[in-house]
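Visitor: Please read through the structure below; I'll follow up with questions.
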Amino acid sequence: QISKTAREYEKELYNDLKERAIRLLEEQKQKNKPLRIPILTNTAYGNTTKEILRFIKKNKIDLVVIGTTSRKGIAKLSAFGSVARKISEESPCPILLVH
């Protein structure tokens, strides 16, 4: 039996997670199809903020809806300092933040 390297496991895990993400996004897209709102989905690998901003600009997105963490108090303030905040500051289109 040939053992897999850590790199091979990483690649296999990445591919499995990407397939699952695509499937879940497509399920949600189909679920919301009756709303007749154009929905674009995408998966990407890399710096989350940079990849989302690149996608927004490349596809000339009109509105982005992004979830934030559900923390409370001081933790909420520090958590908001992450991806959602950076995207809301740098996006060329409006951002709707959902808690």
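The values are calculated or read from the model by the stated rules, or taken from the named source; none is laboratory data. Owing to the predicted nature of the structure, the values given are computational and were not obtained by experimental measurement. Virtual Cβ from ideal backbone geometry, glycine too; neighbours counted across all protein chains shown. Each accessible area value is taken on the protein alone, full model and side chains, heavy atoms only, with ligands, DNA and RNA left out. Shrake-Rupley method; radii C 1.70, N 1.55, O 1.52, S 1.80 Å.
Visitor: So, in segment 6-42, exactly how many residues are among the hydroxyl-bearing types (S, T, Y), open to solvent by less than 90 Å² (accessible area, probe 1.4 Å) and modelled with pLDDT of 90 or more?
Guide: Selection size over segment 6-42: 1.
Visitor: Name every residue in segment 43-52 that is among the hydroxyl-bearing types (S, T, Y), open to solvent by less than 90 Å² (accessible area, probe 1.4 Å) and free of Cβ contacts under 8 Å to residues at least 40 places away in the same chain, in order of residue number.
Guide: T43, T48
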